[in-house]
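To start, the structure itself, in structure tokens.
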Amino acid sequence: MENKQMPLIIDTDPGIDDAASIFWVLASGKFDVKALTITHGNVGVEKCAVNALRLLEAAGRTDIPVYKGARAPILRPRISAEYAHGTDGMGDSGMPMPKVQAAEGRAASRIVEIARASDRPVTILAIGPITNVAIAVLLEPDLKQYVDKVIFMGGAVRVAGNFTPVASFNVAADPEAAQIVYQSGIPVVQIGLDICNQFSFRPADFSNLEKADSPVNRFICRMVQFRLRQMGVTDTESVARSDSIALNDVAATAYLMNPDWFTTEMVVGDVETAGRCAGQTVLDFANRDNRVPNVCFASGVDSQAAIRQWSRDLCGGF
């Protein structure tokens, strides 16, 4: 019987919000997840691979292979985000070590192989620095023939960056890689901070997950406790009045789930790779050079509809 699920590769650096996103993909049942390809980012690639294996075990999906990838950016020293994710990348939540191991092969090569072998073009959900995808483009210049689109959680256009004044973390971590992907001919959907800043997870959004009490939902709630501690939330009263919790990667997964939640426009886009503005996503809305638009820029979203669906799927999918 023909598999009508969308073929999907998740390129990721798990990551608290990566885990919340990947669990949503798995809970939805909509996607044929071919692999998790692991990049440097929130923590080093070895820890990120362990985290990917941990979350797949929690979800009962150890059939999905995990491939380790780039340990560092193409040209730059590695940066990381332990300050936001803890030293283990999972909020120092003390999750047990996985019983399974990463599969053989390097992420970029596997991206090419999976895309070539697929009976229809694959989608890549890129929720970390995009080095693996860029290397795959360099390995296979015709990758655009096999990839439907890259949904990239990165960029900042009409809002400030979260790593530099103009750059989001995932782009600042490897600007050269992002520019390679943006100029690859593969359609790029940019779900940047313009969208992430509109997602307002509140502590109450996790109450249903706590009641569902599955291994996955316990996993998520333990990680969220780390974010709450970062915010100075220490008791029930402060939880009720606390600010929103940032789970940025969930915004990119929301586009994967339902593009109709989003306001988008096709524009010409580049990534700055030099000077103090390295990592800035530069979108030419006026198309001054009369180029073919290459970026689907998301500027608005019904975030509450997305968060409600995220909660429903996680409560019902495990």
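Name every residue in the stretch 1-16 that is surrounded by 24 or more Cβ atoms within 10 Å (Cβ to Cβ) and either among the aliphatic types (A, V, I, L, M) or at pLDDT 95 or above (or both), in order of residue number.
Ile9, Ile10, Asp11, Thr12, Asp13, Pro14, Ile16
Sort out which residues of the stretch 165-224 are free of Cβ contacts under 8 Å to residues at least 60 places away in the same chain and among the hydroxyl-bearing types (Ser, Thr, Tyr), and write them in order of number.
If the condition is that a residue be free of Cβ contacts under 8 Å to residues at least 60 places away in the same chain and among the hydroxyl-bearing types (Ser, Thr, Tyr), then Ser184, Ser207 are the ones that fit.
Considering only the stretch 148-165, I want to know if a residue exists there that is surrounded by 17 or more Cβ atoms within 10 Å (Cβ to Cβ), of a type in the set (Val, Ile, Thr) and in contact with a Phe, Trp or Tyr (Cβ under 6 Å, 6 or more places away or on another chain).
Looking for residues that are surrounded by 17 or more Cβ atoms within 10 Å (Cβ to Cβ), of a type in the set (Val, Ile, Thr) and in contact with a Phe, Trp or Tyr (Cβ under 6 Å, 6 or more places away or on another chain), one finds at least one in the stretch 148-165, hence yes.
Within the stretch 110-125, restricting attention to residues that are among the small types (Gly, Ala, Ser) and touching a residue at least 24 places away in the same chain (Cβ under 8 Å), which residue is surrounded by the most Cβ atoms within 10 Å (Cβ to Cβ)?
Looking at residues that are among the small types (Gly, Ala, Ser) and touching a residue at least 24 places away in the same chain (Cβ under 8 Å), I get Ala115.
Of the conditions (1) modelled with pLDDT under 95; (2) out of contact with any helix residue (DSSP H, G or I) (no Cβ under 9 Å at 6 or more places or on another chain); (3) of a type in the set (Phe, Trp, Tyr), Phe199 fails just one. Which one is it?
The single condition Phe199 does not satisfy is (2).
Need the failing condition index for Pro141 against (1) in contact with a strand residue (DSSP E or B) (Cβ under 7 Å, 6 or more places away or on another chain); (2) more than 19 Å from Thr12 (Cα to Cα), just the number.
All conditions pass for Pro141, except number (1).
Please go through the stretch 126-147 and give me each residue that is among the aliphatic types (A, V, I, L, M) and either within 21 Å of Pro77 (Cβ to Cβ) or surrounded by 20 or more Cβ atoms within 10 Å (Cβ to Cβ) (or both), ordered by number.
Ala126, Ile127, Ile130, Val133, Ala134, Ile135, Ala136, Val137, Leu138, Leu143, Val147
Got a sec? Which of Asp243, Asp270 is charged (D, E, K, R) and at pLDDT 95 or above?
Result of the check over Asp243, Asp270: Asp270.
Given the conditions (1) of a type outside the set (S, T, N, Q); (2) within 26 Å of Arg229 (Cα to Cα); (3) out of contact with any Asp or Glu (no Cβ under 9 Å at 6 or more places or on another chain), which single one is not true for Trp310?
Unmet for Trp310, out of (1) of a type outside the set (S, T, N, Q); (2) within 26 Å of Arg229 (Cα to Cα); (3) out of contact with any Asp or Glu (no Cβ under 9 Å at 6 or more places or on another chain): (3).
Regarding the stretch 260-282, can at least one residue be identified that is surrounded by 13 or more Cβ atoms within 10 Å (Cβ to Cβ) and of a type in the set (Asp, Glu)?
Checked the stretch 260-282: at least one residue is surrounded by 13 or more Cβ atoms within 10 Å (Cβ to Cβ) and of a type in the set (Asp, Glu).
Do we have any residue at all in the stretch 114-124 that's of a type outside the set (Gly, Ala, Ser), under 18 Å from the mean Cα position of the chain (by Cα) and within 29 Å of Cys221 (Cα to Cα)?
Yes, that holds for at least one residue.
The values are calculated or read from the model by the stated rules, or taken from the named source; none is laboratory data. Just so we're clear, the structure is a prediction, and the values are computed from it rather than from any experiment. Cβ sites come from the backbone with ideal geometry, for glycine too, and all protein chains shown count toward neighbours.
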